[in-house]
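Shown next, in C-alpha cells, is the structure this report addresses.
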Amino acid sequence: MKKSASLFIISLLISAFSFALEVDEPELKSITNEPIEFISYNGPHKVIDSLAAIKGIGSGLGKLIVPSQPSQIGDKNKYYVIHAVDEKETGKLDADILFIGKNATVDHIKNLRRIISAYLSAAYGYSEKDADTLAVFITVYNAVYRGNLSTFEAKYKKAVTKNLSAENCGLALNYKDWPGKSEIIIPLYNVNGGLSTVDTTVISDSTVVDSMKEDDDKNVDTRKDLVDIKEREAEDANKKAQETGKKAEDKQKEANNKKKEADNAKKDAEQAKKDAEQNPSDKDAQKKAEDTQKVAEQKQAEADQVQKEADETKKEAEKQQQVAEQKQNEAENERKEIAKDQQDVQKAQQEQAKMAAAYGIILSDEAQMLSRLVKFNTANGDIIKRSPVTEIRNRTIYKAGNEYMAIAGHNGENAVIKLVLISEDTMEITTESNETVAENSVLVQDGSDYYCVVDDNGRWVVAKFNAKLELQKKSPVSVTSSTPITITDAGIVVTSTGRQLILLSKSDLTAITAQNNLGNEK
C-alpha cells in the first residue's frame, strides 16, 4: 500500500457499526516519477483456480523453450511467449516477451507473478525462490517503463523491439488493461547463463528500486533476495573469471611456443631462400626453399590462430571479472540502502503505532461508484493503509467484530458479486457468502442482522445474514434487484418485481402485507 502525502477533506459519519467516507482517489499512472501500485481484482470469483493450475500456465510455456533458438510458443488468445534471440546482433539484449491475450483471465498481480516465476524455473532452471524474486522485479520494471518504447529500443535487439508496440509495451497497472494489451519484457543477459540468464541489473535500475521503496515496507525483503542473487552472480562470475584466466594463461603459453616454432621455421625458410638464390640451377635447393616457405607460413598461421584464441580467452576472463565486480558493487550499495530503509520502516511503524487511526471508505472508481477501505490518521487525514479490495459497491460497509462487511466484486467472465468480510488487520477478504448478490443491491444492517438482495435460482430475493455471512433466511417473494430495504418496527419494506410495496416479517421474511400503490410511481 502507498502513503498519501495529500490531506483529504473528511466528512465522517460514524455510528457504532457503520460509516461511509468518500473522497476521490486519483488514478495512479505508470510513469517513472510516480510510485507503482498494481490494481488487482480482489473480489469474489466464480471459479478459483488452484495454485498448481496457475503455475502450470508458466511452466507449460517454459518447458517449450530452447534457449539458443528463437521461437514463439503458446496460445495468442490467452498466454504466449516470443523468445527473441539473435546471436548476429551484438551490443544489445535478447529478451523473452510474455503476451497476455485478450481471453486471458489473470486478474491479480500475485498470480501473474506466479506465471512468470514458473516460466523462469521451467525455461532456465531457476529455483522457485529466485524465480519469485525476479518475477516481482520484472513486473515492476515493465510497469515503470509501460508505453516507453524508446527505452526498450535503446536496450534491446531488433529481434525484440519489432514485436513491441508503443501503446502496449510493458505492463499496465490495472488488471482490466492486461488482456490483449500486455507485452511483458524479460531481459536476457545470457540465455545459457543459468543464474545470470535474466539481466538483474536492468530490472533493478534506480527508477525501479525507487518505485519499490514507495511501499510502506519499502519492499525490503524482496530487495534483499535480489541482492542475494547478485552476490551469487558475482561469485559465479568470479569463479568463471579465474577458470577462464587459467585457460588464457595456458593458451598464451601455447601461443608463445607456436610463435617460437614459427620464428624458427621463418629462419629456416630465409636460409633456404638464400641457398636457392646462390644456386639458381640447383633444383633441390629451389624445392627446399619452396617447402620451407610453406612450412613457415603454416607455422605462422598456427601461431596467429592460437594467439587470437589466447587474446579472446583473456578478454572473456576480463569480462567475467568486470561482471563479478559490477554485481558485487551493486550488491554492496544496495545492502547499504536496504539497511537505511529498514531503519526508516521501523521508525515509521513506531510512529504509526502511536497515532490515532480510524477506518473509512474512499472512491476507487468514481465512474463505477466503487470504493475501498482505508485506514487513516485522524489528526491530519493521511492514509496509513489501503485495502487491496477496490470494488466495494454502493459506498456502504458495516463493522462486524474485527472485520467489515460489504458487497464487493463485479460481474465478469470469472468474477462475481458477493457479500464479503474484510479483515481490519490485513484489509483483505477473509470470507465470502455462498450466495451471489445483485449488482445494484443495497446492504442494510438491523442489529446483528444484515440484509441484501441475492440470486435464488434466477430470481431476486431478500436475504438475511448474520455477522459470519451465514444465510439465515430468504424471502419467498421476489423483489427488484435494486429494491430499497427499509427497516421499520412493523417489518422490512421492499419493492416486489411487480413494483408493489411489500412488508416482510423480520423473523422469516414472509410477506405480511402488500399494497398496489407503486404502479404509477416514476
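Output yes when any residue across the range 340-351 is modelled with pLDDT of 90 or more and closer than 25 Å to Gln252 by Cα, and no when none is.
no
Any chance you could count how many residues in the range 84-107 are buried (at least 16 other Cβ atoms within 10 Å of the Cβ), within 16 Å of Gly170 (Cα to Cα) and out of contact with any helix residue (DSSP H, G or I) (no Cβ under 6 Å at 6 or more places or on another chain)?
Of the residues in the range 84-107, 7 are buried (at least 16 other Cβ atoms within 10 Å of the Cβ), within 16 Å of Gly170 (Cα to Cα) and out of contact with any helix residue (DSSP H, G or I) (no Cβ under 6 Å at 6 or more places or on another chain).
Kindly establish whether Val479 is in contact with a Ser or Thr (Cβ under 6 Å, 6 or more places away or on another chain), without any contact (Cβ under 8 Å) to a residue 24 or more places away in the chain and hydrophobic (A, V, I, L, M, F, W, C).
Judged against the criteria, Val479 is not a match.
Go through the range 451-486 and count every residue that is open to solvent by 50 Å² or more (accessible area, probe 1.4 Å), within 23 Å of Met405 (Cα to Cα) and of a type outside the set (S, T, N, Q).
8
Any chance you could count how many residues in the range 218-244 are more than 14 Å from Gln322 (Cβ to Cβ), open to solvent by 40 Å² or more (accessible area, probe 1.4 Å) and either modelled with pLDDT of 95 or more or in contact with a helix residue (DSSP H, G or I) (Cβ under 9 Å, 6 or more places away or on another chain) (or both)?
9
What are the pairs, 6+ residues apart or on separate chains, where a residue within the range 100-115 that is within 25 Å of Lys129 (Cα to Cα) has its Cβ under 6 Å from a residue that is among the β-branched types (Val, Ile, Thr) and part of a loop (DSSP other than H, G, I, E, B)?
Matching pairs, first to second residue: Leu112/Val106.
Which residues, taken from the range 494-505, are open to solvent by 40 Å² or more (accessible area, probe 1.4 Å) and either outside any loop (DSSP other than H, G, I, E, B) or at pLDDT 95 or above (or both)?
Leu501
Report whether or not Ser127 is within 21 Å of Lys92 (Cα to Cα), open to solvent by 40 Å² or more (accessible area, probe 1.4 Å) and among the small types (Gly, Ala, Ser).
Answer is no for this residue.
Hey, can you tell me all the residues within the range 392-426 that are open to solvent by less than 10 Å² (accessible area, probe 1.4 Å), within 16 Å of Leu373 (Cα to Cα) and not in a strand (DSSP E or B)?
Selection gives Gly409 alone.
If you go through the range 282-293 one residue at a time, do you hit one that is in a helix (DSSP H, G or I), open to solvent by 60 Å² or more (accessible area, probe 1.4 Å) and in contact (Cβ under 8 Å) with a residue 24 or more places away in the chain?
The answer is yes; a qualifying residue exists.
Of all residues in the range 433-449 being part of a loop (DSSP other than H, G, I, E, B) and open to solvent by 50 Å² or more (accessible area, probe 1.4 Å), which is nearest to Ala467 (Cα to Cα)?
Ser448
Have a look at Glu233, Glu214, Glu243, Glu167 and point out the one that is under 17 Å from the mean Cα position of the chain (by Cα) and not polar (S, T, N, Q).
On inspection, the qualifying residue turns out to be Glu214.
Taking the options Lys327, Lys347, Lys385, name whichever one is open to solvent by 50 Å² or more (accessible area, probe 1.4 Å) and within 25 Å of the chain's Cα centre (by Cα).
Lys385
Picking from Gln300, Gln328, which residue would you name as being in a helix (DSSP H, G or I), over 30 Å from Asp199 (Cα atoms) and at pLDDT 90 or above?
Going through Gln300, Gln328 in turn, the sole match is Gln300.
Does Ile429 fit the bill of being open to solvent by 20 Å² or more (accessible area, probe 1.4 Å), of a type in the set (A, V, I, L, M, F, W, C) and within 30 Å of the chain's Cα centre (by Cα)? Before you say what the answer is, go through the steps one by one.
Working: open to solvent by 20 Å² or more (accessible area, probe 1.4 Å): yes; of a type in the set (A, V, I, L, M, F, W, C): yes; within 30 Å of the chain's Cα centre (by Cα): yes.
Yes: the conditions hold for Ile429.
The values are calculated or read from the model by the stated rules, or taken from the named source; none is laboratory data. For clarity, every value in this text was computed on a predicted model and none was experimentally measured. Every residue, glycine among them, receives a Cβ derived from its backbone with ideal geometry; neighbour counts consider all protein chains shown. Accessible surface is based on the protein model in full, side chains and every heavy atom, while ligands, DNA and RNA are left aside. Shrake-Rupley method; radii C 1.70, N 1.55, O 1.52, S 1.80 Å.
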